[in-house]
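Reading through the structure tokens given below for one structure.
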Amino acid sequence: DTAVSQTPKYLVTQMGNDKSIKCEQNLGHDTMYWYKQDSKKFLKIMFSYNNKELIINETVPNRFSPKSPDKAHLNLHINSLELGDSAVYFCASTQGLAITDTQYFGPGTRLTVL
Amino acid sequence: DAKTTQPTSMDCAEGRAANLPCNHSTISGNEYVYWYRQIHSQGPQYIIHGLKNNETNEMASLIITEDRKSSTLILPHATLRDTAVYYCIVRARVLGDKIIFGKGTRLHILP
């Protein structure tokens with residue numbers, strides 16, 4: 001069974017469009033994250049939610065808006081897509097906020113903006 | 001920027017121990033060393049973490065030097081399925097922590 005799932009796996013779209021990526025975890029975790037992995041393979045945190053509340057909001061354009069309808073879901077909506085948004089986006093979850101909590105990652109969504 | 005440096009790539013024969021080094025000379029006293037790996041087209045997978053003592057689990061062992069400025073991940077009996085990019089990161093706390101994966105080490109397991 002998939003612990004952390006993301007949809008879609010691949011997303012190809014035109015500049016200026018609005019798109020969403022969905023993430024779901026069935027681990028009963030309280031905390032979920034969005035990461036961006038760029039072409040240089042650096043994986044950087046974007047957002048973190050704990051019990052549906054925003055905890056971490058890194059310096060990302062406000063075109064990116066996360067939404068957590070419940071603890072098991074954290075979706076990422078992107079407005080007015082730009083070429084530089086092309087990357088692989090990973091969702092992850094942890095039991096809580098403890099430093100020792102293991103992060104479980106989803107399979108990633110490869111976004112290509114044309 | 002990533003706080004760790006790792007070799008770009010390494011080879012290891014199947015069945016042998018793979019030893020992956022990591023330098024984290026600027027590590028703070030409250031920062032843990034974490035290792036993840038990423039198999040092609042998959043999300044990062046947690047391997048092991050430690051603060052200052054050596055750690056072992058079913059996947060690997062982590063050896064941290066006494067001054068904590070470097071560490072080594074050991075895969076005791078490497079298999080072809082261990083071919084992946086291995087990331088060493090340091091983390092202080094989840095809340096507000098900037099978790100940045102560096103370039104990692106691309107480990108090739110040779111048959």
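The values are calculated or read from the model by the stated rules, or taken from the named source; none is laboratory data. All values derive from a computational prediction rather than experimental measurement. So basically every Cβ, Gly included, is an ideal-geometry build from the backbone, and we count neighbours across all protein chains shown. The protein model used for the area step is the full one, side chains on, heavy atoms only, and it has no ligands, DNA or RNA in it. Shrake-Rupley method; radii C 1.70, N 1.55, O 1.52, S 1.80 Å.
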task: Check A:Val12 against each of (1) surrounded by fewer than 13 Cβ atoms within 10 Å (Cβ to Cβ); (2) in contact with a helix residue (DSSP H, G or I) (Cβ under 8 Å, 6 or more places away or on another chain) and name the one condition it does not meet.
output: (2)
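Yes/no per residue for (1) open to solvent by less than 10 Å² (accessible area, probe 1.4 Å); (2) modelled with pLDDT of 85 or more; (3) among the hydrophobic types (A, V, I, L, M, F, W, C):
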{"position": "A:Thr31", "(1), (2), (3)": "yes, yes, no"}
{"position": "A:Lys41", "(1), (2), (3)": "no, no, no"}
{"position": "A:Met46", "(1), (2), (3)": "yes, yes, yes"}
{"position": "A:Asn50", "(1), (2), (3)": "no, yes, no"}
{"position": "A:Glu82", "(1), (2), (3)": "no, yes, no"}
task: Tell me, yes or no, whether region A:35-44 has at least one residue that is within 11 Å of chain B (Cβ to nearest Cβ), among the basic types (Lys, Arg) and at positive phi.
output: yes
message: Here is a check on your reading of the model: is A:Thr7 more than 10 Å from chain B (Cβ to nearest Cβ), touching a residue at least 60 places away in the same chain (Cβ under 8 Å) and of a type in the set (S, T, N, Q)?
response: yes
query: Can you name every residue in region B:6-27 that is assigned to a strand (DSSP E or B) and touching a Lys or Arg at 6+ places or on another chain (Cβ under 9 Å)?
result: B:Ser9, B:Met10, B:Asn23
Matching residues in region B:47-92 - criterion: being closer than 15 Å to B:Thr4 by Cα, hydroxyl-bearing (Ser, Thr, Tyr) and open to solvent by 20 Å² or more (accessible area, probe 1.4 Å): B:Thr65, B:Ser70, B:Thr72
message: Which condition from (1) open to solvent by 50 Å² or more (accessible area, probe 1.4 Å); (2) within 14 Å of chain B (Cβ to nearest Cβ) is the one that A:Ser20 breaks?
response: (2)
statement: Taking region A:56-87 and keeping residues over 18 Å from A:Leu11 (Cα atoms), part of a strand (DSSP E or B) and more than 14 Å from chain B (Cβ to nearest Cβ) leaves A:Lys67, A:Ser68, A:Pro69, A:Asp70, A:His73
message: Any residue that is within 13 Å of the chain's Cα centre (by Cα), more than 8 Å from chain B (Cβ to nearest Cβ) and closer than 17 Å to B:His40 by Cα - is there at least one of those in region A:95-109?
response: yes
message: Just to be sure I understand, how many residues within region B:28-79 are over 22 Å from B:Arg106 (Cα atoms), part of a loop (DSSP other than H, G, I, E, B) and within 14 Å of chain A (Cβ to nearest Cβ)?
response: 7
